[in-house]
Amino acid sequence: MGAHTDATYLHTEPQSLYGFWFALDDATMDNGCLWFYPRSHVNNKQEYRFIRNPDVTSNQVCMYRGTNPVYDESNFVPTPVTKGSQVSVFEMLNPYTAEPL
């Protein structure tokens, strides 16, 4: 999965969800550690959401609403951790990726 915010899929108002990610193995820059976009949550108005399709006649149960933001990959910072580490995502609006950049 590319760069995204968890708030796209887990939206609450006011924002009240927090994420916890546990490393089952060492997560390095080579094998896919998390990469965060520092301070990107400050002005991030979460307008891109995965929602239940309001068209009950559609075969597509869920759909995206809004425009998928494009993030400048040069702003992402790797966060390598060792096996057993826990990463807390306190702001669900902060985009991240686990793909090697």
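Here, each number is a calculation from the coordinates, and none is a lab measurement. Just so it is clear, the structure is predicted and the values come from calculations on it, not from any experiment. Note that each Cβ is placed from the backbone with ideal geometry, even for glycine, and that neighbours are counted across all protein chains shown.
Overview of values
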| item | result |
| --- | --- |
| Label-point gap, in nm, between Cys62 and Thr28 - each point 7 angstrom along Cα→Cβ | 3.4 |
| Estimated vicinal HN-Hα couplings, Hz - the stretch 27-40 in sequence order (Karplus 6.51, -1.76, 1.60; Gly, Pro = x) | 10, 10, 5, 7, 10, x, 5, 5, 10, 10, 9, x, 6, 5 |
| Simple spin-label estimate for Thr79 and Gln15 in nanometres, 7 Å along Cα-Cβ | 1.3 |
| For Asn53, distant residues with modelled amide H under 5 Å away | Cys62, Met63 |
| Computed over the chain: relative contact order in percent, which uses C-alpha pairs under 8 Å that are six or more apart | 53 |
| Structure-derived Kirkwood radius over Cα pairs in Å - corresponding label in (i) 15.6; (ii) 14.9; (iii) 14.1 | (ii) |
